[in-house]
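Report on the following structure.
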Amino acid sequence: MNLHDFFENGQYLASKAWNSKGFCPVLFVLSLFALVTETQLPVMYLLVAVTVLLLVFCDDLLSIVCPLLCIFLLSTKYYTDYTSLVPYVPYAAVPFAIAAVFNLVHYRRPIVKGRFTMPLCAVSAALLIGGVGTISAKDYFRPTSLYYMLGLGVVMLGLYFLVNSRLENDREYDRVERMADILFTAGLVASAVVLSFYAVNLERFIEKGSVLFFKPRNYVASVLLMTLPASCLLIERRRIHLIGYAVMCLALVMCGSRSGLLFGAMIGFVSGVYICHLRRESIAEHKWYNWAFLVLVAVLCYVGVKYIPVLYSSRLVEGSFISSSETRVSFIELGIKDFLACPINGVGLGNTKNVGIFKAIVPGSLVFYHNVIIQVMGSMGTIGVMAYCWLFGERMRLIVTNLHSKQIIFGFSYAGILAMSMTNPGIFCPFPEAALLIIMFSIAEKEAKRQNQVYMVEDSV
């Protein structure tokens, strides 16, 4: 067998694996195995190997999204200090980088612009201009600052071009449904991360009688809020996915994130209503669905009102779910002061002048204001506000003009992460949150164009 035959066989096997029904379930089982046996690092290496092989033998970049999401979620074991992974990074980063370069060169396609090109250019510029003239050179050029400034701007713009160009290729599957499969799998892995934590600390949970301190609670809740709506499309296909929907809702409650609980209830309810809408014919045929749904809602409301306050007693601040004395309130006040001091371009995303007010900062993260609006105002000033409003407006326009299409689930995911971003970093995390939004809206944009072309052909007939 020569090299050409070997490569063709590799492409065939990669295509078979990626397009098989077992691709996402196998990745979930692998991740679950890692959590149960506490072998996250070896399994993360295995998932990197899978990603590298897919990059080499498959031109469909959507194929690497699920293994990468599993890697991000398994890495939460090291959430308190990601720097502990630094010694292991080269062994994964080098082969990944080589495979990525090979993929970009071998499967290259012309750059394809879209409706988000200019808004993303504006956001990239706002991130780079933010704080210029105010922020120190040391803060501006810190590796962490550059990661967020470039990662949220230029890198996302490049990712948008890349995804758009690859979406031009015809596929045998429905892109929206395949993305829903990927998100659903990531949601189950995120749920497994939470529930495995409680399985290990079950005695402590029973003794305490309330949610335990789970360090990556807000990160996992952010992922769950983005992935929960994906279950809508899958439940329409097979009712068994209702179990996954229920597990994700349970994980949102148990992760101990107050924001996750509040916004999860909102997104969970909206998703539930949409599921009923998708299955309206089946519901009309089996009217007991209506009563079962109403009974379920009533039971959940009763359980929520009676037991959630007890369950979240350890998360209350001065006896309240939300308190005016929280540091988050101080962050908002601080952000407004920073905006008023530098109204044009803010104080810069990587500015550390406010580090003293923070009780704890996860190594490798910024000094966040924990509110997306204040973050844009304080870090990037009026320039940033205009850029992000442009991007938000374009995304909302795409959602509103396609309300009756199945890509509306991406709109629910966007609503979930935006809500989470009002009290947490949210969309200011390049990976996976911001990158997922780029991929989802690129697919939604492509599907909208395809549907418009279909309507034009039908009208001309």
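The values are calculated or read from the model by the stated rules, or taken from the named source; none is laboratory data. Note that the structure is a prediction, hence the values are computed from the model and not measured. Positions of Cβ are generated from backbone atoms using ideal geometry, with glycine treated the same way; all protein chains shown enter the neighbour counts. Only protein heavy atoms, including side chains, enter the accessible area calculation; ligands, DNA and RNA are left aside. Shrake-Rupley method; radii C 1.70, N 1.55, O 1.52, S 1.80 Å.
Residue-by-condition table, conditions (1) touching a residue at least 40 places away in the same chain (Cβ under 8 Å); (2) open to solvent by 30 Å² or more (accessible area, probe 1.4 Å); (3) more than 18 Å from Ala92 (Cα to Cα); (4) aromatic (Phe, Trp, Tyr):
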| position | (1), (2), (3), (4) |
| --- | --- |
| Asn19 | yes, yes, yes, no |
| Pro25 | yes, yes, yes, no |
| Phe33 | no, yes, yes, yes |
| Thr37 | no, yes, yes, no |
| Gln40 | no, no, no, no |
| Val56 | yes, yes, no, no |
| Asp60 | yes, no, yes, no |
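Rundown of residues vs (1) over 23 Å from Trp18 (Cα atoms); (2) touching a residue at least 24 places away in the same chain (Cβ under 8 Å); (3) touching a helix residue (DSSP H, G or I) at 6+ places or on another chain (Cβ under 6 Å), yes/no style:
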| position | (1), (2), (3) |
| --- | --- |
| Tyr173 | no, yes, no |
| Ile182 | no, yes, yes |
| Tyr198 | yes, yes, yes |
| Glu203 | yes, no, no |
| Ser210 | yes, yes, yes |
| Val247 | yes, yes, yes |
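Note on segment 102-118: residues that are in contact (Cβ under 8 Å) with a residue 60 or more places away in the chain, under 24 Å from the mean Cα position of the chain (by Cα) and open to solvent by 40 Å² or more (accessible area, probe 1.4 Å) amount to 2.
Determine which member of the set Ser379, Ser413, Ser442 is open to solvent by less than 10 Å² (accessible area, probe 1.4 Å), among the hydroxyl-bearing types (Ser, Thr, Tyr) and more than 17 Å from the chain's Cα centre (by Cα). Testing whether each residue is open to solvent by less than 10 Å² (accessible area, probe 1.4 Å), among the hydroxyl-bearing types (Ser, Thr, Tyr) and more than 17 Å from the chain's Cα centre (by Cα) leaves just Ser379. Checking each residue in segment 212-244 for being without any contact (Cβ under 8 Å) to a residue 12 or more places away in the chain and either on the phi > 0 side of the Ramachandran plot or among the β-branched types (Val, Ile, Thr) (or both) picks out Ile240, Ile243. Only one of the numbered conditions (1) within 17 Å of Trp18 (Cβ to Cβ); (2) in contact with a Cys (Cβ under 8 Å, 6 or more places away or on another chain); (3) not aliphatic (A, V, I, L, M) is violated by Gly131, and that is (1).
Of the helices (runs of 4 or more DSSP H) lying entirely inside segment 197-276, those containing at least 1 residues that are open to solvent by 30 Å² or more (accessible area, probe 1.4 Å), of a type in the set (Val, Ile, Thr) and over 24 Å from Lys77 (Cα atoms) are 241-254. Given the options Gly384, Gly426, Gly416, name the one that is touching a residue at least 40 places away in the same chain (Cβ under 8 Å), of a type outside the set (A, V, I, L, M, F, W, C) and under 19 Å from Thr117 (Cβ atoms). Every option except Gly384 fails the conditions.
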